[in-house]
Amino acid sequence: CVGDLAPVTAYLGRPLCEHSGTFDLLKASNLASAAATAFFAMGAAEIKLAIDPLTITQAIAYLNRLMTLRAHPRQALSVAFNLNREYVDDRNPSQTKVVQKKLDIGLLGIDVVSSAGWDKITWDGAGDVYPSVCVMDQIGYAEALTLVHTAHERGLLTYFSGGFVIGKGHIAAAAYTGVDGIGIGGAQVLRLIDKMGHEGPFTEENLDKINKERDDAEATVRGRAARLLSCLDRLYFEGS
């Protein structure tokens, strides 16, 4: 309904695994391909998926098989990396390691997404608590800026999600990194919640509040500097 008016993201989730937990590349990629093809045919602008609980070599093989999905150059393929999970980096069999630190996971994600030729990376701060702690509070400004800057130099679009709330400085903190987008959770911000935890009507008026926080942050010296850095990163990636 809104595909002609605004970019629409479809989240496919984690790859299919057998009941035993075994990863079947053919089945997983065929299922994801079928779902993504249907969404793209309906006008979706972006398909996003997660790669945990795969190892890094499994994830790269999975992403490589899905690289032929796009029907239009403005359609994007995005990978989500949860900063609160562990990832087994087995690209060098003799030096397999478990990546646990949030910054290391974020940087690993950049390597995986860019090497597979995908367009966009999401750093997700969702954890085992509700409501989620904002991802900007989990990693801090310096590390968030490092992730965005490094990804932009590799030609990637960037995205933070998890725990963003109006009026807490979260949106401004994201804008100061130059990130391309953030995810605003419906349960915390865009829907009324009753005492029983049931979701109620859509609070459309909060969209203007979100946009104002973003615009005010972007208009500051710090916000303009982040925009300039992002432009320079893009020129560096293009070799110009």
Given the DSSP H assignment, sum -39500 (n - 2.57) over each helix run of at least 4 residues in the chain and divide by its residue total; what's the result at 222 nm in deg cm²/dmol, nearest 500?
-13500 deg cm²/dmol
Per residue convex hull volume, Cα atoms of the range 15-118, in Å³
105
Residues meeting the amide H criterion for Ile193 (H placed from the backbone, H to H distance under 5 Å, 5 or more places apart or on another chain) are Gly200
Separation of alpha-carbon centers, the range 164-195 and the range 72-134, rounded to whole Å:
21
If you work out mean projected area of the Cα convex hull in nm² from the coordinates, which of (i) 15.0; (ii) 13.8; (iii) 18.5 do you get?
(i)
Between Ile51 and residues 5 or more places away or on another chain, which pairs have amide H atoms under 5 Å apart, with H built 1.01 Å from N, and which residues are they?
Ala80
If amide H atoms are built 1.01 Å from N in the plane of the peptide, which residues on other chains or at least 5 residues away come under 5 Å of the amide H of Val8?
Ala45, Glu46
Largest-first ranking of Met196, Met136 by accessible area, probe 1.4 Å, whole protein assembly kept, is Met196, Met136
Accessible surface of the chain, 1.4 Å probe, proportion on carbon and sulfur as whole %:
55
Per residue solvent-accessible surface (Å²) - the range 95-240, probe of 1.4 Å
54
Compute the accessible area per residue over the range 1-63, keeping the other protein chains in place, probe 1.4 Å, unit Å².
54
What do you get for Rg/Rh of the range 160-240 when both radii come from the Cα atoms and Rh is the Kirkwood radius?
1.11
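The values are calculated or read from the model by the stated rules, or taken from the named source; none is laboratory data. Everything numeric in this text was worked out from a predicted model, so none of it was measured. Protein only, heavy atoms only, side chains kept; ligands, DNA and RNA dropped before computing areas. Shrake-Rupley method; radii C 1.70, N 1.55, O 1.52, S 1.80 Å.
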